[in-house]
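A.B. asks: Sharing a structure below in structure tokens format, with a few things to ask.
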Amino acid sequence: MPLFLAACAGGRGWNGSVQCAPYAREHSAVNLRGAAASWWGQAGRVYGRSNTPRRGDVLVFRSTRRLPSGHVSVVQQVKSARWVLVEHANWEPGRITRSAPVEDVSAANDWTRVRVWWSPIKGMGKTIYPTYGFIEP
């Protein structure tokens, strides 16, 4: 069953008012607006950007067919060079998810391809999502 997270830009989307971009803005020190995928470009003028996660960073997912607006999540904890725990809104439709594992599966260990915890199956999702990296507040 495909999952479409189309409404991460803000406002009232297909799952009500719980959206990733406003949630990340409220729970991090990154103050950007607009579609989640646009945050990476906007951040270049105001914040640091990195391919190494740190607590408080915002992980920015690229726009894809499944994620037309992209997605953003806030790093809560770095577990290892390839594992972080994040909190984010609307990954599971209409919900806030805390302490969700995200695994870097990129060949270069640069966080450009990740898998994300999917609570309905109580495990890591099978889909690999492209990301830009981390915005540093």
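A.B. asks: Looking only at strands (runs of 3 or more DSSP E) that lie completely in region 75-137, which have at least 3 residues being in contact with a Pro (Cβ under 8 Å, 6 or more places away or on another chain) and either over 18 Å from A29 (Cβ atoms) or without any contact (Cβ under 8 Å) to a residue 24 or more places away in the chain (or both)? Walk me through how you get there before you give the answer.
C.D. replies: Values: elements: 83-89, 96-104, 113-118, 129-136.
Passing ranges, in order: 113-118.
A.B. asks: Going residue by residue through region 48-62, is there one that turns out to be open to solvent by less than 60 Å² (accessible area, probe 1.4 Å), farther than 16 Å from P22 by Cα and part of a strand (DSSP E or B)?
C.D. replies: yes
Here is a yes/no grid of residues against (1) closer than 17 Å to R113 by Cα; (2) open to solvent by less than 10 Å² (accessible area, probe 1.4 Å); (3) hydroxyl-bearing (S, T, Y):
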| position | (1), (2), (3) |
| --- | --- |
| A29 | no, no, no |
| R33 | no, no, no |
| W40 | yes, no, no |
| R66 | yes, no, no |
| S73 | yes, yes, yes |
| W83 | yes, no, no |
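A.B. asks: Output the residue which, of all residues in region 85-103 that are small (G, A, S) and either open to solvent by 40 Å² or more (accessible area, probe 1.4 Å) or at positive phi (or both), is farthest from the chain's Cα centre (by Cα). Let's see the steps before the verdict.
C.D. replies: So the first thing to find is which residues in region 85-103 are small (G, A, S), and the list is 89, 94, 99-100.
From what is left, the residues that are either open to solvent by 40 Å² or more (accessible area, probe 1.4 Å) or at positive phi (or both) are 94, 99.
Numbers: G94: 15, S99: 13 Å.
Of everything passing the filter in region 85-103, G94 is farthest from the chain's Cα centre (by Cα).
A.B. asks: Restricting to region 42-64, what's the tally of residues that are under 14 Å from V116 (Cα atoms) and out of contact with any helix residue (DSSP H, G or I) (no Cβ under 8 Å at 6 or more places or on another chain)?
C.D. replies: Total meeting the criteria: 1.
A.B. asks: Among the residues of region 104-123, which ones are of a type in the set (A, V, I, L, M, F, W, C) and crowded, with 16+ Cβ neighbours inside 10 Å?
C.D. replies: W111, V114, V116, W117, W118
A.B. asks: Would you say E87 is acidic (D, E), out of contact with any Leu (no Cβ under 9 Å at 6 or more places or on another chain), more than 25 Å from G34 (Cα to Cα) and at pLDDT 95 or above?
C.D. replies: no
The values are calculated or read from the model by the stated rules, or taken from the named source; none is laboratory data. Worth saying up front: this structure is predicted, and the values here are computed from it rather than measured. We place every Cβ from the backbone using ideal geometry, glycine too, and count neighbours over all the protein chains shown. Heavy atoms of the whole protein, side chains included, go into the accessibility calculation; ligands, DNA and RNA do not. Shrake-Rupley method; radii C 1.70, N 1.55, O 1.52, S 1.80 Å.
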